[in-house]
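Some notes on the structure that comes next.
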Amino acid sequence: CKSRFEKLRLSNDVAKKYQEGIRLYNKKDYSKALILFEGLVQKYRGTAEAEDLNYYYAYTLYRLKDYTTARYKFKEFADTYPASKNAEECRYMGAYCYYLDSPKSSLDQENTYKAIDALQLFINLYPKSDRATQAAQYIANLRDKLETKAFDNAKLYYNLGGYDVTNYKSAVVALKNAQTEFPDIKYAEEMNLLIVKSQFMYAKNSYPHRQEDRFNEAIEYYNEFIEAYPDSKFAKEAKQLKEDSEAGIANAKRIIAEEQAMIAKYKALEESDKKRKDTTNNNSDNKTQK
Amino acid sequence: TPSLKVNGLNLDYFTPKEYIIGGTTLTGAKYLDKDVIVVLSKLTQGETIMLPGEGTANAIKNLWAQGLFDDIKLNVSKINGDTVYFDIEVVELPRLSGFEFTGISKSQKTDILEKLGDRPGKSIINDNLYNTTRSIITKYLYEKGFFYTKIDYASKPDPNQDNSVVLQVNIDKGRRVKVQKIEFTGNKEFSAAKLRKYLKKTKQRAFYKVFGSGKFNKEKYEEDKLAFVAKLHEKGYRDAAIISDSVYKYNDKTVGIKINMYEGPKYYFGKITWVGNAKYNTEFLEKVFGIEKGEVFSEEKLEKKLRGSANGDDVSSIYLNDGYLTFNVDPVQTKIYNDTVDVEMRIYEGPKYTINKVSVLGNTITNDRVVLREIRTKPGDYFSKELLIRSVREIGQLGNFDESKTNPVPKPNPADGTVDIVYHVEEKPSDQIELSGGFGGGRVIGTLGLTFNNFSLRNLFKGEAYRPLPKGDGQRLSLRGQTNGKFYQSYSFSFSEPWFGGKKPVSFGVSAFTSLQSNGLSKSNANYYGIRLNGVSFSLGRRLKWPDNWFSLTHSINLNQYILNNYPGFLFSTGESYNLNFTQEISRDSRNHNIFPTGGSYLRFTVQATPPYSLFNKVNYNTASDKDRYRFTEYHKWKFESQWFETVVGKLVFKGQAQFGFLGSYNSAVGQSAFERFKLGGDGMQGFDFLQGSEIIAMRGYSNNSVIPVGANPNIAQSSGSPIFTKYVMELRYPVISSQQATAFMTVFGEAGNTWDRFRDFNPFNVRRSVGVGAKIFLPIFGLLGIDYGYGFDNIPGVPDANKGQFHFSIAQQMGGFN
């Protein structure tokens, strides 16, 4: 035996279906309402009731948290009935659905970018609307998320430096990229410090004859940092990095000098040995060993 | 001057004027709501409009877009000073609500419906619809080889919708035509028989062709022609071409094909010169290129050596692996004389590109860092195609993404010599469910296993992260239960994190299990007997950079506890036994695909050892009872495995595999361990053999555990296993399905292997042999399922039915392990 709802669903009484759909919607039985609305939208196309029906249909999807379909239906409504009293609301809801569909910062941000575009479009269309302020706040939240993503992904290379030192080099590049992309990124201070730190760690783990240049670069980054944030809470830590870099340079120079002295010494020995061999043919082994 | 006179008004296109719309009426509509149509036309009362202007054109456009009308006319009915009145005159036609087909198959129906697009719901019933429908269907069927399609229509009103019609299309597709004969003209060097072979999918009918016996398919024939010419070019006939071809009606059932071709002379490579190269000298490039003067000229070969080789030893790869992203080489045929072609390689090296930004798109479940940490093309490094490809492979090995859709896109920025790389990925279902009913120990066993390959432990207590489980950190959680009721129960759990601490590729794993086997009576019953096993193990593994970065090293520690209660058939009947062992494993894995590798190799060397208790405990092993002897098990075990994959030709892949295992003792008085032995033969599935921690090694063509040492007592050797084994496999594999949903391949194999009791008897060439065929299918949600038929050649003394024809079923075997 079929239920009353099932009988209605299979019937052709569109008017009754419409009424029942609205009733179910108001009763918050959204999944049943959706079944009826889905069947009705095609049949009501081009009629006076279509406007209200589509409005309810979009909201039903929204209530069911199917934001992907809902935002499409809201947009469709706003495009089809630009003169409707609900057009502004639907334009806003479409953008808001994108906003709700934006995932956490560590996942693909395609929907975040689309949400920003949609919210911005709303603000452009209805700059005086009460909802425009809220939309602007949402945009700020989304930009915040993008900044967090940029920061986290750049910092990842710093975190992976212990496993492969070239990751420190990548960290410097990635951190600078993130700053170029988001010039007023809220993590700017911490990022600048991380750049100094990464460059220092990269230099520290390099071959001695590469160290001077790389440490100097770290000192340069320190100077940029302290110029931008003279009162930074990281100032002490940064200064330490600078001092360690200077010590690193001195150390590298000493190692290279020692190395060169050693090479010179062996060369001298070799040459004097050669000379002796050339001048006196009867040179004995124990003399060279001396 | 184009102008329009309405009621005395001159609508001049050069002097448009603004009017207020005083009202719009509609005539001709029967089913549609008049007000709505007026609204849709956007000619609303009170609005202003330029006349003539875009407003009127848009009104018609807007209405037309509804697809509800056969004709729309917009008339100016009245003009009253600044006010204009419109009348829209429409002709409504029945709408098409759907199609019904007769005379074609379901899949053809789907194809045709797709080609018909959104006509149902949009179209109206008119001649145009009949004609386009007919031509779409006829063309579709023609390409499938049906040349004599007949179509007629019937329409009936759709009971569910006013003014709507369902169009019934009756198709008589007739017989599919076959190819009677294929003839060539203009060929000199090539025989017609040979040329026919180059047409891969279009074949003459012949009595011996059982499959696809010469059916004609237009689409495939067109493809064949292109391949045909390419094939001739490859053979050195660089001028070869099809001048004309015709498909003619041979009789009602068949067609004939005539191809008139120009063969031209056969060409050879002449002088090959290189210009524009600075980074690498000509001598080096010549060596990489490898084609010498006098070889048969082939553009395909030339392209392959310049940029197309699979293993990266072409000229382009040399540059692309060293940062020269915009490298290009243009082989210009500078001179053609007689049958010789001189080629000048014009090289553009371009700047050396540094990687700037690396990002991932499409990861809707998996966190960025899980993917980014696997990527080897890193900011600040020079671009390398090789590392790009390897990164794709390693992203694939995560198991969370569809490998065929992982796509790295380099975006070079020539202004500053940098390149951004975006890795596009697509998530795929990676969790596995194992639900099986099997037969073991004479009883039905039910198994339920769940494996989550993209688990996120730190989100375990965050409600919003559940979808339906906390996911995205690339961790693996596996739960498994197996039972046949009161007699046997086994539960296990394992968890692993590939980047322990998130900073280094050090994997951490923990697993535990407990199982119980008994006669099903209650513990207080005097006749009760049973055995319980508990185990826990921890492991740490890391990737190595030396000798090369395919290597990895794993340490693990395992503790197993056996509690026996009146249990018959084991070493002692009541008491406890412990097995604490340490395992070191070094492996090298360069296989290029997880499920169906077509190249690369896998090597693994494992040493497992327990503490040598007999050195410091006070047990006299010469006189001790088994209970004391086995309280703390001691042994050392060595295993080696190698697998090797190579593409033979086309999709056919060769797999070679060799395995060896040895179980030794510290102390001859203690003797060889009864635990951890090897059981060779059969499907390799774990049954009730877990008792002594035996390792089950598959060997097709022999029944389970049947390959026992020569001269051993069959009963004892089969139940206890053997301390030494070796096994070799040679297998040819051919993929029949390779899609995201399933990978399936057929195999032909030869296996050989044997077991020994003592090392002095060991002879790696004295083996039992088998051959057979099989099929395997990998379904992401079930794992690998296989069926094999093997034939064992060698009798096993004392075990009748061990060899000869054997069927083996396997399910959800771990990939690449000891199986």
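The values are calculated or read from the model by the stated rules, or taken from the named source; none is laboratory data. Note that this is a predicted model, so its numbers are computed, not measured. When we count neighbours, we look across all protein chains shown, and the Cβ atoms used for this are built from the backbone with ideal geometry, even at glycine. When the accessible area is computed, the model is the full protein with side chains, heavy atoms only, and any ligands, DNA or RNA have been set aside. Shrake-Rupley method; radii C 1.70, N 1.55, O 1.52, S 1.80 Å.
A loss of 10 Å² or more of accessible area (1.4 Å probe, protein heavy atoms, ligands and nucleic acids excluded) relative to the isolated chain is seen in these residues of region A:93-120: A:LYS104, A:SER106, A:LEU107, A:ASP108. Taken across both chains, chains A and B shield about 2900 Å² of accessible surface from a 1.4 Å probe. Remark on region B:171-329: ratio of C-alpha radius of gyration to 2.2 N^0.38 Å is 1.41.
Distance from the alpha carbon centroid of region B:626-684 to that of region B:30-102 works out to 82 angstrom. Taking N as the residue count of region B:507-618, its C-alpha radius of gyration divided by 2.2 N^0.38 Å amounts to 1.52. Other protein chain C-beta atoms within 10 Å of residue C-beta, averaged over A:40-53: 3. Computed in the context of the full set of protein chains, the accessible area of region B:551-623 at 1.4 Å probe radius has 58% of its extent on carbon or sulfur. Where in region B:295-334 does the amide nitrogen come within less than 14 Å of the point 7 Å from the Cα of B:LYS266, taken along Cα to Cβ? Flagged as within label range: B:295-298. A simple rule links phi to the HN-Hα coupling: the Karplus curve 6.51 cos²θ - 1.76 cosθ + 1.60 with θ = phi - 60°, which for region B:706-714 gives 8, 7, 10, x, 5, x, 7, 5, x Hz, with x for Gly and Pro. Taken as Cα centroids, region A:1-43 and region B:161-204 sit 50 Å apart, rounded to the nearest whole angstrom. The relative contact order of chain B comes to 5 percent, based on Cα pairs under 8 Å that sit 6 or more residues apart. Cross-link reach is defined here as a Cα-Cα straight distance under 13 Å, omitting same-chain residues fewer than 8 places apart; for B:LYS178 the aspartates and glutamates meeting it are B:GLU143, B:ASP252.
Based on alpha carbons, the Rg and Dmax found for chain B are 37.5, 130 Å. A Cβ-based charge dipole, computed about the Cα centre of the protein assembly as shown with Lys and Arg at +1 and Asp and Glu at -1, lands at about 3020 debye. For region B:517-526, putting each phi into the Karplus relation 6.51 cos²θ - 1.76 cosθ + 1.60 with θ = phi - 60° gives couplings of 10, 8, 8, x, 7, 6, 5, 7, 5, 5 Hz, in residue order, rounded to whole numbers and with x for Gly and Pro. Compared with the direct C-alpha span, the chain from B:ASN519 to B:GLU283 gains 77.1 nm at full extension, assuming 0.36 nm per residue.
Expressed as a fraction of 2.2 N^0.38 Å, the C-alpha radius of gyration for region A:81-233 is 1.41.
The eigenvalues of the Cα gyration tensor, multiplied by 5 and square-rooted, give the protein assembly as shown an equivalent ellipsoid with semi-axes of 63, 45, 41 Å from largest to smallest. May I ask which residue of A:TYR168, A:LEU241, A:TYR113 lies farthest towards the positive end of the charge dipole of chain A, with charges of +1 (Lys, Arg) and -1 (Asp, Glu) on Cβ and the Cα centre as origin? Farthest along the dipole direction, towards plus: A:TYR113. Over region B:261-375, what is the percentage of antiparallel beta bridges among all DSSP beta bridges, to the nearest 5? Expressed as a percentage, antiparallel bridges in region B:261-375 total about 60. Residue pairs exceeding 19 angstrom between C-alpha atoms, taken from B:LYS215/B:LYS235; B:LYS139/B:LYS220; B:LYS218/B:LYS266; B:LYS266/B:LYS293; B:LYS235/B:LYS651; B:LYS144/B:LYS201: B:LYS215/B:LYS235; B:LYS218/B:LYS266; B:LYS235/B:LYS651. Between A:GLU181 and B:LEU450, the modelled label-to-label distance comes to 3.6 nm, taking each label 7 Å out from Cα in the direction of the beta carbon.
Taking the dipole about the Cα centre of region B:527-660, with the C-beta of Lys and Arg at +1 and of Asp and Glu at -1, give me whichever of B:LEU652, B:PRO568, B:TYR578 is farthest to the positive side. Farthest towards the positive end: B:LEU652.
For region B:413-568, lysine pairs with C-alpha atoms less than 24 angstrom apart, excluding pairs fewer than eight positions apart on the same chain, total 9. Phi-derived couplings, Karplus 6.51 cos²θ - 1.76 cosθ + 1.60 at θ = phi - 60°, listed residue by residue for region B:332-348: 9, 7, 7, 8, 10, 9, 6, 10, 10, 10, 7, 10, 10, 8, 9, 9, 10 Hz, with x used for Gly and Pro. For region B:619-747, the solvent-accessible area with a 1.4 angstrom probe is 40 square angstrom per residue. Centre-to-centre, using Cα atoms only, region B:743-800 and region B:246-314 are separated by 44 Å.
Candidate cross-link partners of B:LYS109 among the aspartates and glutamates, defined by an alpha-carbon separation under 12 Å and a same-chain spacing of 8 or more, comprise B:GLU100. Here the calculated FRET efficiency for B:ASN128 and B:LYS106, from their Cβ-Cβ distance with R0 = 35 Å, stands at 0.80, rounded to the nearest 0.05.
Label separation (A:ALA261 vs A:THR280): 3.0 nm, computed from points 7 Å beyond Cα along the C-beta direction. Given the pairs B:LYS194/B:LYS225; A:LYS85/B:LYS78; A:LYS169/A:LYS253; B:LYS304/B:LYS385; B:LYS231/B:LYS305; A:LYS85/A:LYS128, which span a C-alpha to C-alpha distance of over 19 angstrom in this model? Flagged as over cut-off: A:LYS85/B:LYS78; A:LYS169/A:LYS253. Note on chain B: with charges restricted to the Cβ of Lys and Arg (+1) and Asp and Glu (-1), its dipole about the Cα centre is near 1980 debye. With 0.36 nm allotted per residue and the present C-alpha distance subtracted, the B:LYS249-B:ALA206 stretch has 13.7 nm of extension available.
Of the residues A:SER31, B:PHE184, B:LEU387, the one whose Cα sits farthest toward the positive end of the charge dipole of the protein assembly as shown, with +1 on the Cβ of Lys and Arg and -1 on the Cβ of Asp and Glu, is B:PHE184. Rounded to 0.05, the FRET efficiency of the B:ILE563 and B:LYS651 pair, given R0 = 45 Å and the Cβ-Cβ distance, is 0.30.
The label point for B:LEU603 and the one for A:THR47, both projected 7 Å from the Cα toward the Cβ, are 7.6 nm apart.
Dipole magnitude for chain A: about 1060 debye, using +1 per Lys or Arg Cβ and -1 per Asp or Glu Cβ, origin at the Cα centre. Only beta bridges with both residues in the protein assembly as shown are counted; by DSSP, about 85 percent of them are antiparallel. Heavy-atom accessible surface of region B:192-279, averaged per residue, reaches 57 Å², computed with a 1.4 Å probe. What angle, in degrees between 0 and 90 and rounded to the nearest 10, separates the Cα long axis of helix A:87-101 from the longest principal axis of the Cα atoms of chain A? That works out to roughly 40 degrees. Sorting the segments A:118-129, B:283-294 by their residues' average number of neighbouring beta-carbon atoms within 10 angstrom, most packed first, yields A:118-129, B:283-294. When the accessible area of each residue in region A:162-183 is compared between its chain alone and the complete protein assembly (1.4 Å probe; ligands, DNA and RNA ignored), which residues differ by at least 10 Å², being lower in the assembly? So the qualifying set is A:GLY162, A:TYR163, A:ASP164, A:THR166, A:ASN167, A:LYS169, A:SER170, A:VAL173, A:ASN177, A:GLU181.
Counted residue by residue at 0.36 nm each, then reduced by the alpha carbon distance between them, the extension gain from B:TYR621 to B:LYS428 reaches 63.8 nm. Legend: calculated FRET efficiency, B:LYS30 to A:ASP117, from the Cβ-Cβ distance at R0 = 51 Å, rounded to 0.05, equals 0.75.
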